[in-house]
Amino acid sequence: MSAAGLETDIARLIWAQRYRHGGSAEPDVGATWRRVATALAQAEPRERGEWATRFLAALRDFRFLPGGRILAGAGTPRRVTLLNCFVMGGIEDSIPGIFRALQEGAVTMQEGGGVGYDFSTLRPRGMAASIAGNVASGPVSFMAVWDAMCATIQSTGARRGAMMAVLRCDHPDLEAFIAAKQQPGVLSHFNLSVLVTDDFIRAVDAAAPWTLRFPAAPPHRLERVVDAASLWERMLRASFATGEPGALFIDQINRMNNLAYCEEISAVNPCGEVPLPHYGGCDLGSLNLAAFIRDPFTPQARLDRAALLAAVPTAIRMLDNVLDVTHAPLPAQAAELRAKRRVGLGVTGLANALIMLGLDYGAEAARAWAGEVMREICHAAYRVSAALAAEKGAFPAFARDAYLAAPFIRALPAEIRDAIAAHGIRNSHLLAIAPTGTISLLAGNVSSGIEPVFAAEAERTILGPLGAPQRVLVTDHAVRLWRAARGGGLPPAFTTAAALPAAAHLGMQAALQAHVDQSIAKTINLPADAGFADFAGVYRQAHALGLKGCTVFRDLPERGVLSARG
């Protein structure tokens, strides 16, 4: 470690611009960690100094990486939320309701949170407005208002605005939604996804007619029948060209929801790793797997499982404490957060860990290793949350029999289910794998989330203090370690996202999804010359594997914030 605790130029830049607070009051990243550890320990009823020491130990050496909002805001006097993102309330189909929802989103984004919305509640373009007597302009037109709001909020600071818009696959304006981002610069602050149901996939398979309707129930309803397969192809053609919209398999999301007994989910956060009910939020943190590899690049290379699993209870406790110390932009958000106490512990640096162990990301051995590690993290997280319930109380919306009947909970070991039956559980959900953009850069440019390495070296665009883009050269963490030890070249197990077949991406996501109670932010990368049939097949395979969503990008040079070097 360098004297400042940061080994790369990009890490120092990210820390100075995003996470350092108070200038000279935080002379190094260790001071930032102490601020965060002390702030989160304030939620403890006793022994706060001891807990602050434990939290600080988890943060050192970038073993546990709290979400960016936690690092930036915890322990500061700023009125900001410590949660990265929210799904907002339902949008009432009226002008007052629409602009009330817009205001709530603006307040949330001003305080640092990204937002996700389901626009399916808005009547389609051309449908009569019952009170005013005119016709509706449709959900896509109102999305443009949100886009302008996001641009305005973003202009006040360096944080990139993040929004997700979703629309049901049976909404009459689905074609307009699918085509919304075909022109460059349109709705540029939104990610778009279609809520795809099992019935729609069955209609596609059968080449059957598909009814688009609004609202869901009569008497005043607009209906239009289309060909399901043609609509599906139209959606995929748009995604083939622009990378959007993605697909959210909404029935699988609700089927696997631990709280299906008391909520229905219709939207996700902007990156897709946390499906949420109205006013739910993302309380995120990641265990850096690369930091737990011992003797890398040698025959003795191994994961320090004991150290990794010992970090899980501390990480869960820290995330649980975030819910008690954070400011929520809206009262409805505060109520939702504390009623269910969702947290999202994930992993990052997976691809780097595999390279350091000599495992090929695309091999079955790598998937088996990753799945087993995630299974152990999952079980450790549920054990500690049950123990926290015995100590501090279960989440208020806990209903024992209904919770234990959830499919994910039924799959847990009997001893964990017995502990939940006896004590309840502190957090309704415990696991989510986020894309970990800037926090992975802070940790030395470890590979993001469960993504493969993008490139050994790349130019990355980041936003400067006034929002202006900066291009910075970055070297992959595992490559940098290898070159420091060997003088040059690439590790034998090194591979990149573009070099892997789609099946390797999907297989890794499926291997981990089995042990993640929420979802996984994962991009399936295909080469620029990939054919449409191969592209379309990825979505069908993702649905068949039981994944909760799918986003596929072809490697086109005009996209994204990264460009490979060499």
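Where a number appears in this text, it was derived from the coordinates with a stated rule and is not lab data. On a predicted model such as this, the values are computed, not experimentally measured, just so you know. Cβ: placed from backbone, ideal geometry, glycine included. Neighbour counts: every protein chain shown.
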- Sorted on mean Cβ neighbours within 10 Å (highest first), peptides 468-480, 67-79 come out as 67-79, 468-480
- Item | Cβ charges +1 (Lys, Arg) and -1 (Asp, Glu), total dipole of region 260-398, debye | 260
- Note on the structure: Of the residues Gln300, Ala353, Pro270, the Cα lying farthest along the dipole of region 269-357 towards its positive end, which is defined by charges on the beta carbon of Lys, Arg, Asp and Glu, belongs to Gln300
- Task: Once you've got the Cα coordinates, tell me which of Lys392/Lys522; Lys181/Lys522; Lys181/Lys548 are over 26 Å apart.
- Result: Lys392/Lys522
- Message: I'd like to compare 284-294, 105-115: which one has the highest average count of other Cβ atoms within 10 Å, and what's the full order after that?
- Response: 284-294, 105-115
- Note on the structure: Around Lys548 (Cβ within 11 Å, Cβ-to-Cβ, excluding Lys548; K/R +1, D/E -1) the net charge comes to -1
- Message: On C-alpha positions alone, give me the angle between the axis of helix 228-242 and the longest principal axis of the chain, in degrees, nearest 10.
- Response: 50
- Quick calc, Asp418 & Asp227: beta-carbon distance into FRET formula, R0 51 Å, rounding 0.05, result 0.50
- Query: Suppose every K and R has +1 on its Cβ and every D and E has -1 on its Cβ; what is the size of the dipole of region 318-422 about the Cα centre, in Debye to the nearest 20?
  - Reply: 320
- Task: Have a look at Leu222, Val145, Cys169 and report the one farthest towards the positive end of the charge dipole of region 145-248, computed about the Cα centre with Cβ charges (Lys/Arg +1, Asp/Glu -1).
- Result: Val145
- Student exercise, the chain dipole from Lys, Arg, Asp, Glu Cβ charges, in Debye to nearest 20: 1000
- Message: Between Val135 and Glu92, how high is the FRET efficiency from 1/(1 + (r/R0)^6) when r is the Cβ-Cβ distance and R₀ = 25 Å? Nearest 0.05.
- Response: 0.85
- Message: Report for the chain the percent antiparallel among DSSP-assigned beta bridges with both residues inside it, nearest 5.
- Response: 50
- Along the charge dipole of the chain, which of Gln182, Ala58, Ala478 sits closest to the positive end, that is, farthest toward it, with unit charges on the beta carbon of Lys, Arg, Asp and Glu (+1, +1, -1, -1)? Ala58
- Message: At 0.36 nm per residue, and after removing the present C-alpha to C-alpha distance, how many nm does the segment from Arg100 to Ala528 gain when stretched out fully?
- Response: 149.9 nm
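Can you tell me the length gained on complete extension of the stretch Arg305 to Gln42, counting 0.36 nm per residue apart and subtracting the Cα distance?
91.7 nm
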- Item | Residues of region 28-44 with amide N under 12 Å of the 7 Å Cα→Cβ point at Asp324 | 40-44
- What's the extension gain from Arg255 to Thr461 if we count 0.36 nm per residue and subtract their Cα-Cα distance? 70.3 nm
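I need the peptides 184-197, 12-25 ranked by packing, meaning the mean over residues of other C-beta atoms within 10 angstrom, with the highest value on top.
Taking the mean over residues of other Cβ atoms within 10 Å, the ranking is 184-197, 12-25.
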- Query: Which FRET efficiency value, to the nearest 0.05, do you get for Asp199 and Arg78 by plugging their Cβ-Cβ distance into 1/(1 + (r/R0)^6) with R0 = 45 Å?
  - Reply: 0.45
- Net charge of neighbours whose Cβ lies under 12 Å from the Cβ of Ala301, counting Lys and Arg as +1 and Asp and Glu as -1: 0
- Mean separation of Cα contacts under 8 Å (at least 6 apart) over the residue count of the chain, i.e. the relative contact order in percent, is 16
